[in-house]
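The values are calculated or read from the model by the stated rules, or taken from the named source; none is laboratory data. Please read all numbers here as calculations on a predicted model, not as lab measurements. Don't worry about glycine lacking a Cβ; one is built from the backbone with ideal geometry, like all the others, and counts go over all protein chains shown.
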Amino acid sequence: MQQASQLCYLSRLPEPTIEFSTMSLDTESVRKIAHLARLGVEDSENELYARNLSDILSFVEQLNAVDTRGVDPMAHPLDASQRLRADEVSETDRHQQFQRIAPKVEAGLYLVPKVIE
């Protein structure tokens, strides 16, 4: 019954308005993005990156324009189920064997040198 009331609530929502704003990046934006992402992009490549990134953003805008109301989210486009194997122990416990060959061990734990001050 709760599902029906949710549907009624959703049907009262206003229709979404779709605004298209073609977002294109210039070479200066690419330079800033590359700097923030710590990417080494040559100045000669900025124009190519600007065009490619603008194409990607344009495609994302097209995807955002699609009305997906009433479409259930899904993890996979096919109605497939994952085959699972039985959860069985496949290896023997070799903890003691590895502890014997470790350089330093204390109370069943491996001791390692401190690397962070």
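Taken as a whole, the condition of being polar (S, T, N, Q), over 30 Å from Gly108 (Cα atoms) and either surrounded by 10 or more Cβ atoms within 10 Å (Cβ to Cβ) or at pLDDT 80 or above (or both) applies to Gln62.
To keep it simple, each residue is scored yes or no on (1) at pLDDT below 90; (2) of a type in the set (Ser, Thr, Tyr); (3) surrounded by 10 or more Cβ atoms within 10 Å (Cβ to Cβ); (4) not in a loop (DSSP other than H, G, I, E, B).
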{"site": "Cys8", "(1), (2), (3), (4)": "yes, no, no, yes"}
{"site": "Ile18", "(1), (2), (3), (4)": "yes, no, yes, no"}
{"site": "Glu28", "(1), (2), (3), (4)": "no, no, yes, yes"}
{"site": "Leu53", "(1), (2), (3), (4)": "no, no, yes, yes"}
{"site": "Ala80", "(1), (2), (3), (4)": "yes, no, no, no"}
{"site": "Glu117", "(1), (2), (3), (4)": "yes, no, no, no"}
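Evaluate region 85-98: report whether one residue or more is closer than 30 Å to Ser24 by Cβ and either modelled with pLDDT of 90 or more or loosely packed, with under 10 Cβ neighbours inside 10 Å (or both). The answer is no, given that none of the residues of region 85-98 is closer than 30 Å to Ser24 by Cβ and either modelled with pLDDT of 90 or more or loosely packed, with under 10 Cβ neighbours inside 10 Å (or both).
Pairs meeting the criteria (first residue in region 53-79 and closer than 30 Å to Ser24 by Cα, second residue surrounded by fewer than 10 Cβ atoms within 10 Å (Cβ to Cβ) and of a type in the set (Val, Ile, Thr), beta carbons under 9 Å, at least 6 apart or on different chains) are Ser54/Thr22; Leu57/Thr22; Ser58/Thr22; Glu61/Thr22.
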